[in-house]
1. Assuming a ≥ b ≥ c are the square roots of the Cα gyration tensor eigenvalues, decide whether the chain counts as rounded (a/c under 1.5), prolate (otherwise, with a/b larger than b/c) or oblate.
2. Which net charge results for the neighbourhood of GLY75, defined as the other residues with beta-carbon distances under 13 angstrom from its beta-carbon, given Lys and Arg at +1 and Asp and Glu at -1?
3. Loop only per DSSP, at most 11 neighbouring Cβ atoms within 10 Å: give me the GluC sites (Glu not before Pro) in the stretch 9-107, ordered by residue number.
4. Between LYS19 and CYS87, what FRET efficiency comes out of the Förster formula 1/(1 + (r/R0)^6) with R0 = 30 Å and r the beta carbon distance, rounded to 0.05?
5. Give me the net charge for the shell around GLY52: Cβ to Cβ below 12 angstrom, other residues only, Lys and Arg +1, Asp and Glu -1.
6. Check every DSSP H run in the chain and write down those whose alpha carbon atoms cover 24 angstrom or more along the long axis and whose mean Kyte-Doolittle hydropathy is -0.5 or greater.
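Readers should treat all values here as calculations from the given coordinates under stated rules, not as data from a laboratory. Treat the numbers as computed from the prediction; the structure is a model and nothing was measured. Positions of Cβ are generated from backbone atoms using ideal geometry, with glycine treated the same way; all protein chains shown enter the neighbour counts.
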Amino acid sequence: MEPTQPLAPSPNLPPTPQKPTASSRAMAALILGILSCLFLGMLTGIPAWILGHKEVKAIDRGEAPVEGRAMAKVGWVLGIVGTFFWCLFGLMIQIFFGLFFLMGVKT
């Protein structure tokens, strides 16, 4: 075996610039929106709706990174969809039990 030569020291390179990432508010809007559609309904849907809308407006004003626009919009839309879905579901449950109660009452 031949002896290996030591590696030459690397030249001092400038640090690699960080890629801008989405803001934490955009990520929170997305997570809340997903949760609202799955099982938490209005509990997380309304905050996702509000937070996503505010973040999109902040991006439009240049106060937040543009990379979060898609996350904020998707969270906003999922918050709206989740809220309306669970409101509709709650209304259907109330109608069902209301009819069940009325049919069960004998006059």
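1. Working: a/c = 8.26, a/b = 2.65, b/c = 3.11.
Cα axes put the chain in the oblate bin.
2. Details: positive: ARG25, LYS54, ARG69, LYS73; negative: GLU55.
Around GLY75, the surrounding residues sum to +3.
3. Values: sites: GLU55, GLU63, GLU67; in loops: GLU63.
Those that pass, being in a loop and sparsely packed, are GLU63.
4. Values: r = 39 Å, r/R0 = 1.31.
According to the calculation, E is roughly 0.15.
5. Residues near GLY52 contribute +4 overall.
6. On the way: long enough: 42-61 (28 Å, 0.22); 69-104 (52 Å, 1.66).
What comes out of the filter, once short or polar helices are dropped, is 42-61, 69-104.
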